[in-house]
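One structure is given below, encoded as structure tokens.
Every read-out reported here was derived from the displayed coordinates using simple, explicitly stated rules and does not represent laboratory data. Just so it is clear, the model here is predicted, and its values are computed rather than measured. Note: ideal-geometry Cβ built from the backbone for every residue, glycine included; neighbour counts use all protein chains shown.
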């Protein structure tokens, strides 16, 4: 929230930092930036947002920057009823921005835990990446440009990252961001490959001397091993290291999905693709990836459904258009196919491939062979239509030769060649089986357990929990701390000289309730005792709720109806004369 448009990247960056911080908490599902930001500045009912993202709670807030001051507001809203159950405002000087981000992230995590049950929260979620606030602001400007993923924006992002580095030579995240930008420019062919890779490696060599605890460090090797060398074993090792640092790291999950597809480990690929969609459900790229898995499994109808949805999210996703074309070819949907390819590039190739798959006795025109020969000397097709066509024609030997050349060059367009349906005619040749062989088999891997809860380091044994249960009941019945509307988990934990993680775990295990429901159960019983007492007949229901420790009308009404099945007024009417 600012009249200065230049502050937008800064404020968006802070929002992303809080998202990333919360995503580090095991057991807490947090939607990634791409899907969360789809609702930015839009007046949409929170219940619709919850349905779109598959979440029970929405964090809504704002960032306002003015001179050297910053204000962050946040509220947590239940997506079933639209009820706000937490709101807080944070004010700081700009110099304290990293401390503020950490404080906000921890406050949000604590409040979600208080309302939904136990998960362990670290002491700190955000580490200060630089001592220079100006460098941080430049980094966030670079980040906002990088996320546009165009050659122009990537080069602009590099400029801002370099400015940040000039202000802080030890800004590791800026070097890693540069590395990613140069890697993309190299892979996409927007810079001379070797020049871009040399610059990427130069940034890596500096970054690794500063900070190797970031997931960006192990992942920086993945592009080289997976796409550059097809060294799947080393790619797997480094992706695992990145996911060990942050199990919800989007780039790591994407890389593990791509690796699994290349290896033909489709069950694992689906597991990771679905995890991606869980944390980033409105990403066109994620739906395209899921469609690709179904395509390689020859489930063309399911692939078509998913790729169509990807294109509704982002119609500019070029690879998704090619995948849709392939699905329509295999499903022999001629009319839809013709509509799909109108006004597209490589139209001749697409039509010829359709005829070869569905009509069989079709010859490849000589002029097309000549065209491909000239084309290869200038640039590469985004997908290898020439290889697909040759492999399904009388020129099958030339198709194999071209495929072999591309494999030897480690061309990304054919990394999934063993799974590609269009290359099935080549599978019967011995020479095909002798092409690049993976150095990683399914027996060699122990995939990151993304759905498995690791044992908590703060687990209490059964006897400790039972003892705490008795002591908590005595404390709440005798001292009535629930009458304090500001009662917090930390306050109760301090009374028992425990940390908040242990107290949260104990309440969850002993009473099968989250902290707020545990406290509100006492408040509700206290309210009932007040409400049926004739001496209080002159006090409003809301007044009695506040006297019982509730500090919000909506929270009181929602909790009462959830617990009793009727409204407070109906309950009072039926229980008093």
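Three semi-axes describe the equivalent ellipsoid of the range 5-116; taken as square roots of 5 times the Cα gyration tensor eigenvalues and ordered largest first, they are 23, 16, 13 Å. Annotation: extensible slack from residue 511 through residue 229 equals 96.1 nm (criterion: 0.36 nm per residue apart, minus Cα-Cα distance). When 427, 436 are sorted by how many other C-beta atoms sit within 10 angstrom of their C-beta, beginning with the fewest, the order is 427, 436. Between residue 332 and residue 437, how high is the FRET efficiency from 1/(1 + (r/R0)^6) when r is the Cβ-Cβ distance and R₀ = 22 Å? Nearest 0.05. Efficiency, from the Cβ-Cβ distance: 0.05. Considering only C-alpha atoms, what is the centroid distance from the range 226-269 to the range 145-215, in Å? After rounding, the separation between the Cα centres reads 21 Å. So what's the gap between the Cα centers of the range 56-82 and the range 395-410, to the nearest angstrom? If we compute the Cα centre of each part, the gap is 55 Å.
Set against the 2.2 N^0.38 Å expectation for a compact globular protein, the range 175-294 has a Cα radius of gyration ratio of 1.06. Short-range pairs are left out: with C-alpha atoms under 8 Å and at least six residues apart, the relative contact order of the chain is 11 percent. Scoring 302-311, 359-368, 224-233 by mean Cβ neighbours within 10 Å over their residues and listing the highest first yields 302-311, 224-233, 359-368.
Secondary-structure-derived ellipticity at 222 nm for the chain, considering helices only, amounts to -18000 deg cm²/dmol, per-run term -39500 (n - 2.57) for DSSP H runs with n ≥ 4. With R₀ set to 51 Å, the beta-carbon distance separating residue 569 from residue 147 gives a calculated FRET efficiency near 0.50. Give me the angle, in degrees from 0 to 90, between the Cα long axis of helix 232-245 and the longest principal axis of the Cα atoms of the chain, rounded to the nearest 10. With both axes taken from Cα atoms, the answer is about 20 degrees. For the range 129-214, the mean projected area of the C-alpha convex hull, equal to one quarter of the hull surface, is 5.0 nm².
Please identify which residues in the range 82-104 have an amide N closer than 13 Å to a label point set 7 Å out from the Cα of residue 45, following the Cα→Cβ vector. Only 82-83 pass the distance filter. Relative to the longest principal axis of the Cα atoms of the chain, the long axis of helix 515-531 makes an angle of roughly 30 degrees. Exposure proxy for 298, 64, 333: other Cβ atoms within 10 Å of each Cβ, ordered fewest to most, give 298, 64, 333.
Using a simple spin-label model with pseudo-atoms 7 Å out from Cα toward Cβ, residue 60 and residue 466 lie 4.7 nm apart. If the segment from residue 405 to residue 428 were pulled out straight at 0.36 nm per residue, it would be longer than the present Cα-Cα gap by 6.4 nm.
Would you compute the Debye intensity of the range 462-575 from its alpha-carbon atoms alone, equal scatterers and no solvent, and pass along log10 I(q)/I(0) at q = 0.19, 0.20 Å⁻¹ to two decimals? Values, matching the q order: -0.98, -1.05. Relative to the longest principal axis of the Cα atoms of the chain, the long axis of helix 193-210 makes an angle of roughly 30 degrees.
When the Cα convex hull of the chain is projected onto planes of every orientation, the mean area is 32.6 nm². As a rough guide to protection, the peptides 76-86, 531-541, 402-412 ranked by mean Cβ packing within 10 Å, highest first, stand as 76-86, 402-412, 531-541.
So if I take the centroid of the Cα atoms in the range 285-299 and the same for the range 494-549, what is the distance between those two points in Å? Result: 50 Å between the Cα centres.
Could you put 40, 24 in order, starting from the residue whose Cβ has the fewest other Cβ atoms within 10 Å?
40, 24
For the range 354-431, the equivalent ellipsoid derived from the Cα gyration tensor has semi-axes of 18, 17, 11 Å, listed largest first. Relative contact order of the range 5-116: 21 percent, from C-alpha pairs under 8 Å at least 6 residues apart in sequence. Here the contact order of the range 129-214, divided by its residue count and restricted to Cα pairs under 8 Å and six or more residues apart, works out to 26 percent. Over the Cα atoms of the range 243-444, each weighted equally, I'd like the Debye log10 I(q)/I(0) at q = 0.08, 0.11, 0.18 Å⁻¹, rounded to two decimals. The calculated log intensity ratios at q = 0.08, 0.11, 0.18 Å⁻¹ are -0.28, -0.54, -1.39.
Once the C-beta distance of residue 301 and residue 499 is scaled by a Förster radius of 35 Å, the resulting FRET efficiency is 0.10 to the nearest 0.05.
For the range 89-233, the alpha-carbon coordinates run over 52, 37, 29 Å along the three principal axes, in decreasing order.
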